[in-house]
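Peer 1: My structure is below; once you've seen it, I'll send some questions.
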Amino acid sequence: MSRSPRVIVVGAGIAGITTAHVLIRRGFTDVTIVEKGDAVGGVWHWNRYPGLTCDVPSNLYQFGFAPKPDWERLFATGPQIKQYLNDVVDSLGLRAKLLLNAEVTSAVFGDDEWTVTIADGRTMTADFVVMATGLLHHPRVPDIRGLESFGGPVVHSARWDDDLRIRGQRIAVIGSGSTGVQLLTALNGEASQVLHFARSPQWVMWAPMELRQPRLLTALLTRSPAVRSWLYRALLAGSGFLADVTTVPSWRRQLLQRFARLSLCVQVRDQALREQLTPDYEPMCKRQVLSSGYYRALQSVSAELITERIDEVTPTGIRTSDGVHHRVDMIVLATGFHSHDYMRPMQLRGRRGIRIEDVWADGPRAYRTIAIPGLPNLFTVLGPNSPTGSISLQYTAERTAEAIADWLDRFAVGEFGSIEVTASATDDFMKEVNDAMGSTVWATGCDSWYLTPRGDVDLWPYDRATLAAMLAEHRDDHFVFTAPRQPGGSSKVGEPQ
């Protein structure tokens with residue numbers, strides 16, 4: 001018996017684009033990508049604030065199956081990446097598989113198939129659902145007393161309004177991560193004053209973020225596919241240095257941490273300011289911030305660092321715990337995301353009505369980042385414990401999608417009707433991960449968005465080879481299978497019922 005599985009991919013960012021391409025390349029054509037936004041790109045669609053720049057080199061931050069030789073800069077801007085992702089969707093013919101403005105509100109499993117409901121009431125059925133929702137898409141708005149009383153614009157960095165007036169304004173930027181650093185650097189010089197409220201300083205490592213890609217390199221990459229392939233493989237291999245630095249204590253980690261400290265000491269000569277900017281944790285414990293201009297911008301006459309705790313927001317500004325009232329015209333929240341929600345808040349129910357809230361009562365968990373107990377025929381790409389802090393996301397997504405395609409091959413020939421990872425296999429994997437996390441830099445004692453509410457580090461504590469090996473190994477004893485159901489009467493994916 002041979003049958004073509006119906007697949008719904010939720011999300012049209014890096015994970016969703018990769019999954020759809022890999023599945024179609026492997027021969028599975030009944031694929032629909034559903035995306036809640038009005039365009040593809042995921043985080044690069046929702047984020048468009050001034051100064052938005054990727055902290056991964058452009059020639060690595062791309063799909064291995066869709067190289068781009070003509071990046072404008074060594075570190076691409078957000079608009080450049082968004083355009084690249086749209087170009088890839090078009091060149092691979094994925095636009096015809098895409099359903100935009102289609103936010104999934106629920107997915108329910110029954111009779112060996114999923115019923116997916118869209119916000120506008122449409123329903124679709126599928127044999128498999130692949131959650132490629134990413135983790136940085138639910139903006140976190142801080143609970144600050146009086147925030148709603150402020151008389152000027154209040155905007156989260158992930159919901160930037162292009163009509164905002166910047167020139168001549170006094171702007172408060174709240175948040176000290178990469179977004180806050182990029183915003184202060186970009187707004188400085190256009191706004192009359194930028195006040196950076198950063199109670200917890202970050203290590204900001206110098207990098208040539210604004211350096212243009214050399215024309216000679218662009219010409220060489222454009223003319224020679226062999227050179228493009230070699231450079232991508234070289235960068236992928238070189239990125240193993242980061243995985244080694246973050247996961248294994250060694251002189252290499254110490255060297256990079258020394259460079260982070262040197263970046264501060266060389267660029268900030270004023271001792272009092274340097275002390276304010278010096279974190280009390282090891283470099284790279286949090287997501288490492290890269291910048292070529294933050295410290296310079298912060299020391300300009302139009303910028304000010306404020307490390308006192310925010311006490312309240314008033315109609316005209318912000319009052320800090322030292323009693324000082326800072327008058328501002330606009331507040332920008334660079335306060336990050338609810339990074340462990342993944343596919344939530346959609347109503348997700350698996351076998352016997354089990355809810356994702358039940359499975360994740362103690363925090364997000366998945367078997368080898370790809371499968372969740374209680375949710376048959378559902379896979380995650382860049383799910384819990386994915387290597388968002390050490391290994392190429394594009395590479396990881398492709399390896400994960402290939403693993404999913406392997407299971408679909410077996411479904412297509414009638415080996416099973418449903419597949420569900422066991423709770424015990426998931427528990428064993430999570431224990432191994434948490435045990436291995438002890439030697440990583442992320443577990444050296446800092447409060448970061450990598451930490452789940454329970455205090456676990458939601459990252460990958462191994463190297464790239466281990467990731468590839470685990471995703472390629474299919475342990476039948478770690479799963480429960482049911483026999484195929486008899487075909488007949490199922491609607492095609494994308495057809496409203």
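Peer 1: Just to be sure I understand: if I project the alpha-carbon convex hull of region 156-333 onto a plane and average over all orientations, what area do I get in nm²?
Peer 2: 13.3 nm²
Peer 1: Based on the Cβ-Cβ distance from ARG212 to ARG95, what FRET efficiency comes out when R0 is 35 Å, to the nearest 0.05?
Peer 2: 0.70
Peer 1: Can you list the residues of region 388-407 with backbone N under 14 Å from a point 7 Å past the Cα of ALA237, pointing along Cα to Cβ?
Peer 2: none
Peer 1: How would you order 17-27, 157-167 from highest to lowest mean count of nearby Cβ atoms within 10 Å?
Peer 2: Working: 17-27: 21.8, 157-167: 13.6.
Highest-to-lowest ranking by the protection proxy: 17-27, 157-167.
Peer 1: Still on this structure, please answer the following. Given the Cα-Cα distance of THR482 and ARG309 and 0.36 nm per residue of separation, how much length would full extension add, in nm?
Peer 2: That works out to 56.7 nm of additional length.
Peer 1: Determine the dipole magnitude for the chain: charges of +1 sit on the beta-carbon of Lys and Arg, -1 on that of Asp and Glu, nothing else is charged, the reference point is the Cα centre, and the result goes in debye to the nearest 20.
Peer 2: Rounded to the nearest 20 debye, it is 1180 debye.
Peer 1: Shifting gears a bit: Give the lysines whose C-alpha is closer than 30 Å to that of LYS36, dropping any in the same chain fewer than 8 places away, or say none.
Peer 2: Cross-link targets: LYS68, LYS82, LYS97, LYS286, LYS492.
Peer 1: Give me the number: length gained by fully extending GLN276 to ARG344, i.e. 0.36 nm times residue separation minus the C-alpha to C-alpha distance, one decimal in nm. Write down the numbers at each step before the final one.
Peer 2: Numbers: separation 68, 0.36 × 68 = 24.48 nm, distance 3.72 nm.
Residue separation times 0.36 nm, minus the Cα-Cα distance, leaves 20.8 nm.
Peer 1: Simple spin-label model, 7 Å along Cα-to-Cβ: PHE259 to ARG167 in nm?
Peer 2: Placing both labels 7 Å beyond Cα along the Cβ direction yields 3.9 nm.
Peer 1: OK, next. Once you have all Cα-Cα distances for the chain, histogram them in 20 Å bins from zero and send the whole-percent values.
Peer 2: With a bin width of 20 Å, the distribution comes to 22, 54, 23, 1.
Peer 1: What list do you get for ILE144, ILE318 if you sort them by fewest beta carbons within 10 Å?
Peer 2: ILE144, ILE318
Peer 1: Just from its helices, what would the mean residue ellipticity at 222 nm be for the chain, if runs of 4 or more DSSP H residues each count -39500 (n - 2.57) and the sum is divided by every residue, rounded to the nearest 500 deg cm²/dmol?
Peer 2: -8500 deg cm²/dmol
Peer 1: Please work out how much length the chain gains when fully extended from PHE65 to ASP143, using 0.36 nm per residue of separation minus the C-alpha to C-alpha distance, in nm with one decimal.
Peer 2: The span from PHE65 to ASP143 would gain 23.8 nm if fully extended.
Peer 1: For region 377-497, what are the per-bin percents of Cα-Cα distances with bins 10 Å wide, up to the bin holding the maximum?
Peer 2: 11, 36, 31, 16, 6, 1
Peer 1: To continue, here is another question. Using modelled backbone amide H atoms (1.01 Å from N, in-plane), which distant-in-sequence or interchain residues come within less than 5 Å of SER106's amide H?
Peer 2: Close amide H contacts, sequence-distant or interchain: THR117, GLN347.
Peer 1: Sticking with this one: Given the peptides 288-300, 447-459, arrange them by the average over their residues of other C-beta atoms within 10 Å, most packed first.
Peer 2: 288-300, 447-459
Rule-based calculations on the coordinates, nothing more; no lab input. Computed from a predicted structure; not experimentally measured. Neighbour counts run over all protein chains shown; Cβ positions are idealised from the backbone, glycine included.
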